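Have a look at the structure below before the remarks.
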Amino acid sequence: MLIFHIAEEKIGQGKFKDEPYGDFLVKKDGFIHCCTFDQLLEVANNNLKDINDDLMVLCINTFYLKSELKWERNNKNNKIFPHVYGLINSESIMEEVELKRNENGDFFISDELFNYSKYEKSCGAVIGHKFNDNYKFLLIGFDIGDKKICWGFPKGHMEKNETEIETVKREIKEEVGLDVKVISDFRSSTYFSYKKGVTLEAVYYAAISDSCYVKCQECEVEKYLWCDTKDVCNHLTFDCDKVIFDKLKVYFEEYING
């Protein structure tokens, strides 16, 4: 899930993603004050309007948060807020977004910040299959409208009480009909917004399939390709997927040769 912390830009000095954040706050209060998305404006407009410096909202993914998170009641308003007991590690900070004011000096939710109002998570895999002496990787083509096909890797939304790897196996079986061995040592993720008000985290593992016979899920997968390593990025539609594959390529070579 996502929680949010409002920080003064001069304190963070634009380095929220380079090093752990909040040492001065932990020393002062014993923890770092955070809030949910629905609490952002209330916290900002009730407590921070007198601050003249620019403010930044740290969007924190609690899955990657290393410090303890507690939900505690505020004695002044009797509402429950998330408190981080320790530093906020840089890996947990998805994004830093400016908290903007209107002409009256009131804070408001900008379009950029609104994209973090809802968080979703999908899990999938980069699937390799050995053809003779070389591995190829599976790409799927899906329709995004106007008869345009985008190419990516199989993935899908997590269901309640599933682990990431359980989601990977289920979604791959549903989308392309393959049973795969998931290599859990490789895990990489990326964030993007596919519709207004929603940020999606896509988590990818490495996987190996003993079969190359793909059965595409109707209405979900239009086409598929098994691509040589050098051709994968030429077919992928989105740059974030290319970054994922570049990371996996290095790992996969070490895995199969080790």
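Numerical summary
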{"item": "Highest-fluctuation residue, 51, 109, 127 considered, GNM on the chain with Cα pairs under 10 Å", "result": "51"}
{"item": "Student exercise, the chain dipole from Lys, Arg, Asp, Glu Cβ charges, in Debye to nearest 20", "result": "360"}
{"item": "Longest DSSP-loop-exposure-free segment, GluC sites (Glu not before Pro), the chain, at most 11 other Cβ within 10 Å", "result": "1-102"}
{"item": "Residue 118 versus residue 256: modelled label distance in nm, points set 7 Å from Cα along the beta carbon direction", "result": "4.0"}
{"item": "The range 166-242: trypsin sites (Lys or Arg not before Pro) falling in loop per DSSP and having at most 10 other Cβ within 10 Å", "result": "196"}
{"item": "Candidate values (i) 20.5; (ii) 18.7; (iii) 19.4, label of the one derived for Kirkwood radius over Cα pairs in Å", "result": "(i)"}
{"item": "Dipole magnitude (debye, nearest 20) for the range 1-148, charges at Cβ of Lys, Arg, Asp, Glu", "result": "560"}
{"item": "Residue (of 234, 2, 20) at the positive-pole extreme of the chain, dipole from beta-carbon charges", "result": "2"}
{"item": "Residue among 200, 102, 172 farthest towards the positive dipole end of the chain, charges placed on Cβ", "result": "172"}
{"item": "Centre separation in Å (Cα based) which lies between the range 212-258 and the range 51-84", "result": "38"}
{"item": "Under-5 Å amide H pairs with residue 94, H placed in peptide plane, nonlocal only", "result": "59, 60, 61"}
{"item": "Accessible area of the range 197-258 belonging to carbon and sulfur atoms, whole % at 1.4 Å probe", "result": "48"}
{"item": "Mean Cα-pair separation over length for the chain, i.e. relative contact order, pairs under 8 Å, 6 or more apart, %", "result": "17"}
{"item": "For the chain, calculated [θ]222 nm from helices alone, where every DSSP H run of n ≥ 4 adds -39500 (n - 2.57)", "result": "-6500 deg cm²/dmol"}
{"item": "Cβ-placed point charges (K, R +1; D, E -1), dipole of the range 116-258 about Cα centre in debye, nearest 20", "result": "260"}
{"item": "Extended-chain gain in nm, criterion 0.36 nm per residue less alpha-carbon gap, residue 49 and residue 230", "result": "59.8 nm"}
{"item": "Loop trypsin sites (Lys or Arg not before Pro), the range 120-165 (other Cβ atoms within 10 Å of the site Cβ: 16 or fewer; DSSP)", "result": "147, 148, 160"}
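The values are calculated or read from the model by the stated rules, or taken from the named source; none is laboratory data. Not measured: the values here are computed from a predicted model. Every residue, glycine among them, receives a Cβ derived from its backbone with ideal geometry; neighbour counts consider all protein chains shown. Calculation scope for accessible area: heavy atoms of the full protein, side chains included, ligands and nucleic acids excluded. Shrake-Rupley method; radii C 1.70, N 1.55, O 1.52, S 1.80 Å.
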